[in-house]
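First up is the structure itself, then whatever we jot down about it.
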Amino acid sequence: MSRQRGFTLIEVLVALVIVALGMSALLETLGSAADTSTWLRDKTFAQWIGFNQMEQTRLSGSAPSAGTSDGELDYAGRHWRWRQEVSDAGFPGVYRIDVKVEHADTSTVDDSAWIATVTGGMGTAVSPQQMQSLYPDPALPGSSAPSSAPSSAPAASSTPGSFFTPATPPATPPSTGAQ
């Protein structure tokens, strides 16, 4: 009588339990990775919204008033809520701008639900109103660009020879007749 070879029912059940545990761990890992990528996408969009709001404030052309302002917008297929807080930065004419962004799917603003916070600054005392060029006349020779030199200063020459060459030519060494 010959013995048949094969697996017993217990061995098959143990192998099936091991495979089922491995598959459940794999599915949990894939789900976690999907949640993480969704969270990173939302955080990136929230930061973009915050930076856009801050740049709109900077490009407004006037100094912001201290205080808080709120707004909502649709971006990337979602509805978002932002809150901008402008405060004094401790220097005259310099303001700190904080923009917080969250999903606007909730009915109330929750201070712990902000996805991203963007911080920047703006000031009226950071630079002069009009930049002056380091050069007497930045207009290239032959161009019609206006000069940035103050009107009380005499206009500098725009000829090619005076703009790029030294004021005095270098001395030439005496040539010798022998070769």
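The values are calculated or read from the model by the stated rules, or taken from the named source; none is laboratory data. None of the values given here were measured: they were computed from a predicted structure. A quick note on method: Cβ atoms are made from the backbone with ideal geometry, for glycine too, and the neighbour counts reach across all protein chains shown.
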Which pairs turn up if I take residues in the stretch 50-78 that are farther than 21 Å from Ala104 by Cα and look for partners that are in a helix (DSSP H, G or I) with beta carbon separation below 6 Å, at least 6 apart in sequence or on another chain?
Pro64/Thr57
So, of the residues in the stretch 8-57 that are of a type in the set (A, V, I, L, M, F, W, C) and in contact with a strand residue (DSSP E or B) (Cβ under 7 Å, 6 or more places away or on another chain), which turns out to be nearest to Ile97 (Cα to Cα)?
Met54
Against the condition more than 18 Å from Thr119 (Cβ to Cβ) and either charged (D, E, K, R) or in contact with a helix residue (DSSP H, G or I) (Cβ under 9 Å, 6 or more places away or on another chain) (or both), how does Asp88 come out, does it pass?
no
Would the stretch 52-67 turn up any residue that is hydroxyl-bearing (Ser, Thr, Tyr) and either in contact with a His (Cβ under 9 Å, 6 or more places away or on another chain) or surrounded by fewer than 10 Cβ atoms within 10 Å (Cβ to Cβ) (or both)?
yes
Of the conditions (1) more than 27 Å from Gly120 (Cα to Cα); (2) in a helix (DSSP H, G or I), the single one that Met54 does not satisfy is (1)
Can Ile49 be described as in contact with a helix residue (DSSP H, G or I) (Cβ under 9 Å, 6 or more places away or on another chain), at pLDDT 90 or above and not hydroxyl-bearing (Ser, Thr, Tyr)?
no
Exactly one condition in (1) in contact with a strand residue (DSSP E or B) (Cβ under 6 Å, 6 or more places away or on another chain); (2) surrounded by 12 or more Cβ atoms within 10 Å (Cβ to Cβ); (3) more than 16 Å from Thr124 (Cα to Cα) is false for Arg78; which is it?
(1)
State all residues of the stretch 57-71 that are within 18 Å of Pro92 (Cα to Cα) and either in a loop (DSSP other than H, G, I, E, B) or modelled with pLDDT of 90 or more (or both); if no residue qualifies, say none.
Gly61, Ser62, Ala63, Pro64, Ser65, Ala66, Gly67
Tell me, please, whether a residue that is more than 16 Å from Lys43 (Cα to Cα), at pLDDT 85 or above and exposed (fewer than 14 other Cβ atoms within 10 Å of the Cβ) can be found in the stretch 104-118.
no
Restricting to the stretch 49-67, count the residues that are more than 14 Å from the chain's Cα centre (by Cα) and among the aliphatic types (A, V, I, L, M).
3
Odd one out for Gln129, checked against (1) at pLDDT below 55; (2) surrounded by 10 or more Cβ atoms within 10 Å (Cβ to Cβ); (3) within 31 Å of the chain's Cα centre (by Cα)
(2)
